[in-house]
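A.B. asks: Following this message is one structure expressed as structure tokens.
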Amino acid sequence: MEARGKQEVWIRQKPEMRRVLREQAIIQSAQSSNCIEGVTISPEGPRPVVMGKWKPQDRSEEELAGYRRALGCIFSGKRAVPVTPNAVTKLHTRLS
């Protein structure tokens, strides 16, 4: 309970820091996941692509953008995404 109270303080008092940390986590997650699949992109390239501020120029960038869309679908709701065939199909569609 004590940790929960501290989290609420951060949410109210440090919204910009929280936004930056979340953005960085999304970018690192996209890079790491796509690296496992053999997708590589220059170190300065992923931020605008993953955050949707740059139109993908090649297949590697399209992979990163698709991963971001899938993460957006997962984190946009208040509830957890159920692990069902329909949910997996929806996420797969977002990747392409």
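A.B. asks: State, to one decimal in nm, how far the label point of residue 75 lies from the label point of residue 51, with both points 7 Å from Cα in the Cβ direction.
C.D. replies: 1.2 nm
A.B. asks: How large is the Kirkwood hydrodynamic radius of the chain, counting all unique pairs of alpha carbons, in Å?
C.D. replies: Taking the inverse mean of 1/r over all distinct Cα pairs, the chain comes out at 14.9 Å.
A.B. asks: What ranking of 35, 73 emerges when the number of other C-beta atoms within 10 Å of each C-beta is taken as an exposure proxy, fewest first?
C.D. replies: Ordered from fewest to most neighbouring Cβ atoms within 10 Å, 35, 73 come out as 35, 73.
A.B. asks: When the helices in the chain are scored as -39500 (n - 2.57) per DSSP H run of 4 or longer and the sum is shared across all residues, what 222 nm value do you end up with, to the nearest 500 deg cm²/dmol?
C.D. replies: -22500 deg cm²/dmol
A.B. asks: While we're here: What FRET efficiency do you get for residue 40 and residue 11 if R0 is 30 Å and r is their Cβ-Cβ distance, rounded to the nearest 0.05? Mind showing how you got there, number by number?
C.D. replies: Working: r = 35 Å, r/R0 = 1.18.
E between residue 40 and residue 11, to the nearest 0.05, is 0.25.
Bear in mind that the values in this text are calculations on the coordinates, not laboratory data. Only a predicted model underlies this, so the values are computations on that prediction, with no experimental measurement involved. We place every Cβ from the backbone using ideal geometry, glycine too, and count neighbours over all the protein chains shown.
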